[in-house]
Amino acid sequence: MKKIYLNGEKSYKLFRHLPIVIAMIVVGVCVWLFFIYLENKFLNSFYRYKTEEINLMWKTATIANMEAIASYYSKLMDRETIQILKLARSGEEKDLILARQKLLAHLWSRYEILKEGYGVKGLIFVTPDNRVLIRLHAPHVYGDDFSQVYPALKNLRDSKQPTHGFAILRLVSGYAYAFPVIDENGEYLGAVVMVRNSGTILENLHLANPDWLYAVVLNKSLVEERMLEEYRYAYEPLPGSERWVYDSYDDYYKSITNRLAERMGLSMESVFKSPEFVKLVSSENSGSLLIKGDIVVTFLKLYEQGVKEPSALLLGFHKEPFISAVWQTHKLYLLASLLFLEGLILSLYIFTLKVRQVQVQAKELELISDYISAGLIIADEQNRIHLANAHAHRMLGYSERELKNKALDEVILSCDPMEEGEKQWIECKLKKEDGTFIYVQLEPRRIQIDRRLVNILTFFDITERKEKERVLTTMSNTDALTGLYNRRFIYSRLIEEKERADKHQSTFSTIFADVDNFKNINDTYGHAMGDRVLIEVAHKIKYCVRVDDVVARWGGEEFLILLPNVGLKGAEALAERIRKSVQEINILGVDGITISLGVATYRLGESIDELISRADHALYTAKREGKNRVVVHV
């Protein structure tokens, strides 16, 4: 019998394994991309290493040459040379001409030694104002501002420290060493600049690293900008490049191009025409590039101090045979990884099904929790919120994303102390997303699931109830007319203050105050005006006291003030300030509102009633002596 499929069942049977096929394709592509990433990462690390290597070689060579040049510089700067430079310091033309003649006669033989033995092709003396005093390699060219072509010279006068770096000058190019000339009095006499043929340094580099070949090419725009026109003929454009030129009279450069062709089968033209090399050189940094599979071309940009674009490129060529072996091993690893990972696809598919089951169960749990009328929060053992139901989100104002992984301490600000027992409800203060607070009744539970502790918090919003309780508490402690504390509240505070004073052997004071002639005010102007007078007096007293002081309406027109940690003199001064402040009250139609005050300080061991009685007695004395005064009970 032919099997009959329900709608969609046949399609499901045919395509239910489609996710596995897609997963295998995706994993294969990902592995391939990952190995490309590893390849690029390896090459970048390798290139970075080669760049750092040639940079270190170059620094080592230039510093070594600096030491050699410095030793010969010290021989140049004998007493006669210093005296000649002092002569030129005046800046007068006759002195400058004489100084040039003397320097040429005195140092020419030494310059010849430098030229032949050290590869120095330029020796320049510069005056303190950075003007060329003499070029021993071209005595007829002088007087120009040398700092225009050698910016490092601008800081030499202040630093008084030798400096060195590749430079393109008016007549020559090469590696320049600049030395400040300081006399015995510490006065700056100018500078001496020696320009060494870069080929000499490169030859030393090659002798130290025979596997490497080195070359230097110059920035064409700087050559055209700085060099005198009659000296530019020696610099020819590099084949394949419009930005770089080379010294056609440099024998070392010619030998390098020949050796490069013989040992590596490369030409400068092929390197500089390579799109990858052109792109790399146009970036801001130095770098390396692999050519012909195993030849590494590394370039180092040589900058002058204060100049943004490089003056020259130091090129290093090195053959790395092991690179080919690395690529073969790389391909084998790629194949093995693909086979291994494709073998895990079925396991991943089964795992995916199980994850879906867990997700369905989690969704069911979420639906159940949303139907609970209370707020529900589930947190892990590190007190990080893992799940919250819809009621919790509504109460706190957080979205699901904002609340998840939030620490409980960021939401629960405070709770009442818990008593012993497994299950109990406590009152807590929670912080909402907008910064406001709500009060809740909360039941905390801690259970263990798969060896993990989980905190389950169930809570109800009781903010409205707490607000009503606060209002009732305020009403029970304050006077409805003046807004001050009432008699019952200040009496309880007096008891607390007495206990504190007895424990710490400290003191406190009380002020008993009564509005003078208040009965006459009520009889003459009416009770409404009397209430207004009481309110104004209460405001004046409240304005005069400290934040920690307690002011209460004792009854009728009487007020009692508690002053913690205040002695008799301080209480008397405050009472006098209150009396003067009340005397300033000006209510239209009511004349002469005054107040009498009695002051008493607590004596250790006496009762609160005795203290109040003494303050009341002082108040009675003030009334009897004419009112509108302060009397202290000693």
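The values are calculated or read from the model by the stated rules, or taken from the named source; none is laboratory data. Because the structure is predicted, anything quoted here is derived from the model rather than measured. Positions of Cβ are backbone-derived with ideal geometry, glycine not excepted, and every protein chain shown enters the neighbour counts. When the accessible area is computed, the model is the full protein with side chains, heavy atoms only, and any ligands, DNA or RNA have been set aside. Shrake-Rupley method; radii C 1.70, N 1.55, O 1.52, S 1.80 Å.
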Tell me the label-point distance for the pair ASN383, ASP531, using the 7 Å Cα-to-Cβ offset, in nm and rounded to one decimal.
5.1
Near the amide H of TYR398, under 5 Å away, which other amide H atoms are found, from residues 5 or more places off or on another chain, if H is placed in the peptide plane?
GLU433
For segment 458-470, Karplus couplings with θ = phi - 60° (6.51, -1.76, 1.60), whole Hz, Gly/Pro x:
10, 8, 10, 6, 10, 4, 4, 5, 5, 5, 5, 4, 5
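Ranked highest first by the average count of other Cβ atoms within 10 Å around their residues, in what order do 261-274, 116-129 fall? Intermediate results must be reported in sequence, preceding the final value.
Values: 261-274: 15.6, 116-129: 19.6.
Packing order, densest peptide first, comes out as 116-129, 261-274.
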Please arrange SER596, SER414, SER255 by accessible surface area, largest first, computed with a 1.4 Å probe and ligands excluded.
SER414, SER255, SER596
Amide H to amide H, which residues 5 or more places from GLN305 or on other chains are under 5 Å from it, using H placed in the peptide plane?
ALA152
Estimated vicinal HN-Hα couplings, Hz - segment 213-226 in sequence order (Karplus 6.51, -1.76, 1.60; Gly, Pro = x):
10, 10, 8, 10, 10, 10, 6, 4, 5, 6, 4, 5, 6, 9
Kindly report, to the nearest 10 Å², the accessible surface of PHE459 as traced by a 1.4 Å probe over protein heavy atoms only.
0
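Please state the relative contact order of the chain as a whole percent: Cα pairs under 8 Å, 6+ residues apart?
7 percent.
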Please calculate the 1.4 Å probe accessible area of TYR142, with all protein chains present, and give it to the nearest 10 Å².
110
Here are some values of Rg/Rh (Cα atoms, Kirkwood Rh): [x] 1.09; [y] 0.97; [z] 1.31. Which one was computed from this structure?
[z]
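Restricting the count to DSSP beta bridges whose residues both fall in segment 467-594, what percent are antiparallel, rounded to a multiple of 5?
On the way: 14 of 15 bridges.
If we restrict to bridges inside segment 467-594, about 95 percent are antiparallel.
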Along segment 551-568, what does the Karplus equation 6.51 cos²θ - 1.76 cosθ + 1.60 (θ = phi - 60°) give for ³J(HN,Hα), rounded to whole Hz, x for Gly and Pro?
10, 9, 8, 7, x, x, 9, 9, 10, 10, 10, 9, 10, x, 6, 10, x, 5
Given a Förster radius of 41 Å and the C-beta distance between VAL141 and ASN209 as r, what FRET efficiency does 1/(1 + (r/R0)^6) yield to the nearest 0.05?
0.65
Rounded to the nearest 10 Å², the accessible area of LEU133 using a 1.4 Å probe with every protein chain kept is 0
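Given R₀ = 35 Å, FRET efficiency for MET77-ASP251 by Cβ-Cβ distance, to 0.05?
Details: r = 31 Å, r/R0 = 0.89.
Given R0 = 35 Å and the Cβ-Cβ separation, E is 0.65.
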Test of understanding: what is the full-extension gain from THR478 to ASP548, defined as 0.36 nm times their sequence separation minus their Cα-Cα distance?
23.6 nm
SER45 versus ALA261, label points 7 Å from Cα toward the beta carbon: distance in nm?
3.9
Between the modelled labels at ASN55 and LYS627 (7 Å from Cα along Cα→Cβ) the distance in nm is 9.3
Scan around ASP144 for amide H atoms under 5 Å from its own, H built in the peptide plane at 1.01 Å from N, and keep only partners 5 or more places away or cross-chain.
VAL132
Residue order for ASP461, ASP516, ASP78 - accessible surface, 1.4 angstrom probe, largest first
ASP461, ASP78, ASP516
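Given a cut-off of under 8 Å on Cα pairs at least six residues apart, what relative contact order in percent is computed for segment 567-623?
Numbers: 46 pairs, mean separation 18.5, N = 57.
This gives 32 percent for segment 567-623.
Among the listed pairs LYS519/LYS627; LYS432/LYS542; LYS59/LYS308, give every one whose C-alpha distance is greater than 23 Å. Mind showing how you got there, number by number?
Working: LYS519/LYS627 14 Å; LYS432/LYS542 35 Å; LYS59/LYS308 20 Å.
Check vs 23 Å cut-off fails for LYS432/LYS542.
Give me the number: length gained by fully extending LEU290 to LYS86, i.e. 0.36 nm times residue separation minus the C-alpha to C-alpha distance, one decimal in nm.
Details: separation 204, 0.36 × 204 = 73.44 nm, distance 5.51 nm.
Using 0.36 nm per residue and subtracting the Cα-Cα distance, I get 67.9 nm.
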For n ≥ 4 DSSP H runs only, could you compute -39500 (n - 2.57) per run for the chain, divide by its residues and tell me the 222 nm figure to the nearest 500?
-15500 deg cm²/dmol
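So if each residue of separation counts as 0.36 nm, and I subtract the Cα-Cα distance between LEU33 and TYR233, what length gain in nm does that give?
Working: separation 200, 0.36 × 200 = 72.00 nm, distance 5.10 nm.
Full extension of this stretch gives 66.9 nm more.
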Listed residue pairs exceeding 26 Å between alpha carbons, taken from LYS121/LYS301; LYS466/LYS540; LYS86/LYS154
LYS466/LYS540
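Among DSSP beta bridges whose residues both lie in the chain, state the antiparallel percentage, nearest 5. Don't skip to the answer; put the middle values down first.
Numbers: 98 of 103 bridges.
Of all bridge pairs located within the chain, approximately 95 percent are antiparallel.
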Tell me, what is the FRET efficiency for ARG577 and ARG157 to the nearest 0.05, using R0 = 41 angstrom and their Cβ-Cβ distance as r?
0.05
Which order do peptides 210-222, 471-483, 392-404 fall in by mean Cβ count within 10 Å, highest first?
210-222, 392-404, 471-483
Unpartnered cysteines of the chain (Cβ-Cβ under 4.7 Å counts as a partner)?
CYS30, CYS544
